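Before any comments, here is the structure.
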């Protein structure tokens, strides 16, 4: 079937777990058809899935791809000095320490970016990702039938976490376990920050 729409998002994804049982996926997008923006997907220990998005337009696009129990439209900013992500919104206050490049990140750096970030590259690596990282997929079909491809180009370790979600203290850093249930793929079990080009394709 012919491709009717193609959208690309270039940025970084931080995936972290916490001793409170809350798991958080933060997107920091430098370039997309929606402009530059940040968003956060939060899953509580009880499995309640919350999207935090800065605008209705961003929320509408994300909700056509992923599944949530609640959507909150509120300003969300990701900043901080080198080696730290400071995530701030009305609902979420999160500080993430970012460490050195992980072994998988070193391998990803050996692959030409145009190959690693392409849908073909994501398709080729998907069988390996399924085996090596439980819950992780690099390609799949989203809610509305859209195809999504994650082209990872680098990976850094997360070294620490402090923060709150609503009135809940998140505690300290923990694995992303169980895997997040927003869509066909989760972030890796080991907390990390991934440089990624996400491609979303819609066909007739």
> Can you spot a residue in the range 90-103 that is more than 28 Å from residue 19 (Cβ to Cβ), surrounded by fewer than 17 Cβ atoms within 10 Å (Cβ to Cβ) and modelled with pLDDT under 95?
Replying inline: no
> Taking the range 144-181 on its own, how many of its residues are assigned to a loop (DSSP other than H, G, I, E, B) and surrounded by 21 or more Cβ atoms within 10 Å (Cβ to Cβ)?
Replying inline: 3
> Restricting to strands (runs of 3 or more DSSP E) lying wholly in the range 46-96: which have 1 or more residues that are farther than 19 Å from residue 14 by Cβ?
Replying inline: 70-73
> In the range 189-204, what residues are modelled with pLDDT of 80 or more and either at positive phi or assigned to a loop (DSSP other than H, G, I, E, B) (or both)?
Replying inline: 189, 190, 191
> Going by the structure shown, is residue 7 touching a strand residue (DSSP E or B) at 6+ places or on another chain (Cβ under 8 Å), at pLDDT 95 or above and part of a strand (DSSP E or B)?
Replying inline: no
> Quick check: is even one residue across the range 60-70 in contact with a helix residue (DSSP H, G or I) (Cβ under 8 Å, 6 or more places away or on another chain), more than 15 Å from residue 16 (Cα to Cα) and without any contact (Cβ under 8 Å) to a residue 60 or more places away in the chain?
Replying inline: no
> Is there a residue in the range 40-55 that is in contact with a strand residue (DSSP E or B) (Cβ under 7 Å, 6 or more places away or on another chain), closer than 29 Å to residue 171 by Cβ, modelled with pLDDT under 95 and surrounded by 12 or more Cβ atoms within 10 Å (Cβ to Cβ)?
Replying inline: no
> If we scan the range 115-123, do we find a residue that is at pLDDT 90 or above and surrounded by fewer than 17 Cβ atoms within 10 Å (Cβ to Cβ)?
Replying inline: no
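The values are calculated or read from the model by the stated rules, or taken from the named source; none is laboratory data. None of the values given here were measured: they were computed from a predicted structure. All Cβ positions, even for glycine, are placed from backbone atoms using ideal geometry, and neighbour counts span all protein chains on display.
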